[in-house]
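Working notes for the structure below.
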Amino acid sequence: MSTKITNSATSWVEVPSNSDFPIQNIPFGTFKTSSLSPRVGIAIGEQVLDLKALFDLGYLNNIGFDSEDFDTCFLNNMMRKGKSGSRKLRERIFELLEKSNDELQSKPEDIAKVLLTQGEVEMLLPIDSRDYTDFYSSEQHAFNVGCLFRDPENALLPNWKHIPVGYHGRASSIIPSGQEIVRPKGQKKPPTDSIPSFGQSNLLDFELETVFFTFQGKPLGETITTAEADDYIFGMALFNDWSARDIQGWEYVPLGPFLGKSFASSVSPWIVTIDALEQFRTAGPIQEPKVLPYLEYEGDKHIDINLDVIIKPENGDENVVGRSNYKYMYWNMNQQLAHHSINGCNIGLGDAMGSGTISGPNEGQYGSMLEISWKGTKPFKMSDGTERKFLQDGDTVIMRGNCQNDEIRIGFGEVSTKILPAK
Ligand code: MN
């Protein structure tokens, strides 16, 4: 029998009304404390529910999980149980946290062992990704970049509305929220110079993205269709796909992004499942020209996720520099996954798939400093009187995201990263 997660349900664990993590969310992450080894948990209100401790106490028996699924620093083991496994697990956790159920609620000595406040845990990188692909799927972003580097008449390249353009990124430099980055150095050649030079990147930028992680896909030679894609997607997180625009601009021809991208990408700690996001599905844009049959899809496959990007200068206040939404994507996750595997490319457990920078149609909705400052020609005015064309040392970049309707809010928390000076 399966438990239905309803919007009207409440938990016996206190959840503030503006929380990202009501009982309907149940996002997965990994954490440790000074006394607890790395383990799997879920967020509820301002607490973390320790799934290792919960399993050890016998609350997660008979739903197909083992101790090693929770007694680990990554979600990968747990994800081997696939969509049906993670769904069963979420439903069991919902049951235990729901107000009318007193299995756990009535045992204060057990509650003390399984609930921790979020402030006392250190969140870890949630998933060990062997492969990372980054797409380029927001039309406004691709259009803006085309205007900045080519001309508005030919802003989108001829392939853009036919292919979810992407490249293979560096999985091993995906870092958890809270880990600082060092300003990269590299080779650059500004248009005004005749020869390249070496030095620190002066055009350091964020990219406001989401990322989705896959369950074990199909082996080499097989293809995942747009209709099958939902079964292979575990969940989503916020993703800051750092870019050194000056390094990138010189190196990218003809093989694409390399050292201007590979120094870091930051991910938020809680993976929000597609099941939790389902009620925020929305229609995508009408795709004209018509896409090839393998990219056609049925139903609403976009998701209405509000996204904010913030710059917080050293010892300063937060400045919201962009406010976008995941629904502005031209290509959805199902199309991305179908395209990724159409050549028979294998999709692995825990693969990370970045959306590409997500920019909305209006100024104020852009997802990178490149666009916000229009390549440095329109500096952003900060509340402390300073200006930003690109990012400065000591700046912390924070991204937040949530889905909201009349009944509930399903949030992602945040990804926050501070920039240290070049070495
Ligand atoms: Mn990117």
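The values are calculated or read from the model by the stated rules, or taken from the named source; none is laboratory data. In this text, all values refer to a predicted model and were calculated from it rather than measured experimentally. Ideal geometry is used to build each Cβ from the backbone, glycine not excepted, and the neighbour counts take in all protein chains shown. For accessibility, only protein heavy atoms count, side chains too; no ligands or nucleic acids. Shrake-Rupley method; radii C 1.70, N 1.55, O 1.52, S 1.80 Å.
Every residue in segment 247-273 that is touching a residue at least 60 places away in the same chain (Cβ under 8 Å), more than 30 Å from K32 (Cβ to Cβ) and away from the ligand (no atom under 12 Å from the Cβ), please. Across segment 247-273, the qualifying residues are I247, G249, W250, E251, L259. Do you know which of the residues in segment 232-260 that are over 25 Å from P126 (Cα atoms) and of a type in the set (V, I, T) is most open to solvent (accessible area, probe 1.4 Å)? Looking at residues that are over 25 Å from P126 (Cα atoms) and of a type in the set (V, I, T), I get V253. When segment 352-370 is filtered for residues that are surrounded by 24 or more Cβ atoms within 10 Å (Cβ to Cβ) and of a type outside the set (A, V, I, L, M), the ones remaining, listed by number, are G354, S355, G356, T357, S359, Y366, G367, S368. Between a first residue in segment 368-381 that is aromatic (F, W, Y) and a second residue that is buried (at least 24 other Cβ atoms within 10 Å of the Cβ), which pairs have beta carbons less than 7 Å apart while being 6 or more apart in sequence or on different chains? Listed by first residue and then by second, the contacts come to F380/I372. Look at (1) over 24 Å from R409 (Cα atoms); (2) touching a Phe, Trp or Tyr at 6+ places or on another chain (Cβ under 9 Å); (3) touching a residue at least 24 places away in the same chain (Cβ under 8 Å) and you find that S67 fails only one, number (3). When you scan segment 286-293, do you find a residue that is open to solvent by 10 Å² or more (accessible area, probe 1.4 Å), over 24 Å from R409 (Cα atoms), polar (S, T, N, Q) and out of contact with any helix residue (DSSP H, G or I) (no Cβ under 9 Å at 6 or more places or on another chain), even just one? Checked against the condition, which is being open to solvent by 10 Å² or more (accessible area, probe 1.4 Å), over 24 Å from R409 (Cα atoms), polar (S, T, N, Q) and out of contact with any helix residue (DSSP H, G or I) (no Cβ under 9 Å at 6 or more places or on another chain), segment 286-293 yields no hits at all.
H339 passes every criterion in (1) under 16 Å from T214 (Cβ atoms); (2) touching a Phe, Trp or Tyr at 6+ places or on another chain (Cβ under 7 Å) apart from (2). Out of K375, K418, one residue alone is out of contact with any strand residue (DSSP E or B) (no Cβ under 8 Å at 6 or more places or on another chain) and within 17 Å of W242 (Cα to Cα). It is K375. The requirement of being more than 15 Å from I271 (Cβ to Cβ) and open to solvent by less than 10 Å² (accessible area, probe 1.4 Å) is fulfilled somewhere in segment 53-66, by at least one residue.
Select from segment 173-194 the residues that are open to solvent by 50 Å² or more (accessible area, probe 1.4 Å) and charged (D, E, K, R) and list them in ascending order. Residues satisfying the conditions are E180, K185, K189, D193.
Evaluate the following for E139: is it at pLDDT 95 or above, open to solvent by 30 Å² or more (accessible area, probe 1.4 Å), of a type in the set (D, E, K, R) and more than 25 Å from L60 (Cβ to Cβ)?
Yes; evaluated as a whole, the condition is true for this residue.
Please verify whether segment 107-121 includes one or more residues that are in contact with a Pro (Cβ under 8 Å, 6 or more places away or on another chain) and at negative phi. No: segment 107-121 contains no residue that is in contact with a Pro (Cβ under 8 Å, 6 or more places away or on another chain) and at negative phi. Within segment 203-247, the set of residues being among the small types (G, A, S) and in contact with a Gly (Cβ under 8 Å, 6 or more places away or on another chain) comprises G217, G221, S243, A244. Filtering segment 155-195 to residues that are in a loop (DSSP other than H, G, I, E, B), within 22 Å of P126 (Cα to Cα) and of a type in the set (S, T, Y) leaves only S177. Residue by residue through segment 225-246, note down the ones that are farther than 16 Å from E207 by Cβ and either within 14 Å of the ligand (Cβ to nearest atom) or more than 20 Å from the chain's Cα centre (by Cα) (or both). Matches in segment 225-246: T225, T226, A227, E228.
Residues that are within 16 Å of the ligand (Cβ to nearest atom) and not β-branched (V, I, T): list the strands (runs of 3 or more DSSP E) wholly contained in segment 305-374 that include at least 3 such residues.
It comes to 352-354.
Against the test of being touching a helix residue (DSSP H, G or I) at 6+ places or on another chain (Cβ under 6 Å) and more than 16 Å from the ligand (Cβ to nearest atom), the options G199, G178, G186 yield a single qualifying residue, G186. Among the residues in segment 153-172, are any small (G, A, S), open to solvent by 10 Å² or more (accessible area, probe 1.4 Å), in the same structural domain as E288 (by TED's automatic domain parsing) and away from the ligand (no atom under 16 Å from the Cβ)? So far as segment 153-172 goes, yes, one or more of its residues are small (G, A, S), open to solvent by 10 Å² or more (accessible area, probe 1.4 Å), in the same structural domain as E288 (by TED's automatic domain parsing) and away from the ligand (no atom under 16 Å from the Cβ). Residue-level check: of (1) open to solvent by 10 Å² or more (accessible area, probe 1.4 Å); (2) more than 17 Å from L125 (Cα to Cα); (3) of a type outside the set (V, I, T), A229 misses just (1). Check segment 301-309 and report whether any residue there is of a type in the set (S, T, N, Q) and touching a Phe, Trp or Tyr at 6+ places or on another chain (Cβ under 6 Å). Looking for residues that are of a type in the set (S, T, N, Q) and touching a Phe, Trp or Tyr at 6+ places or on another chain (Cβ under 6 Å), one finds none in segment 301-309, hence no. Do we find a residue being under 21 Å from the mean Cα position of the chain (by Cα) and open to solvent by 80 Å² or more (accessible area, probe 1.4 Å) anywhere in segment 110-123? Yes; the residues of segment 110-123 include at least one that is under 21 Å from the mean Cα position of the chain (by Cα) and open to solvent by 80 Å² or more (accessible area, probe 1.4 Å).
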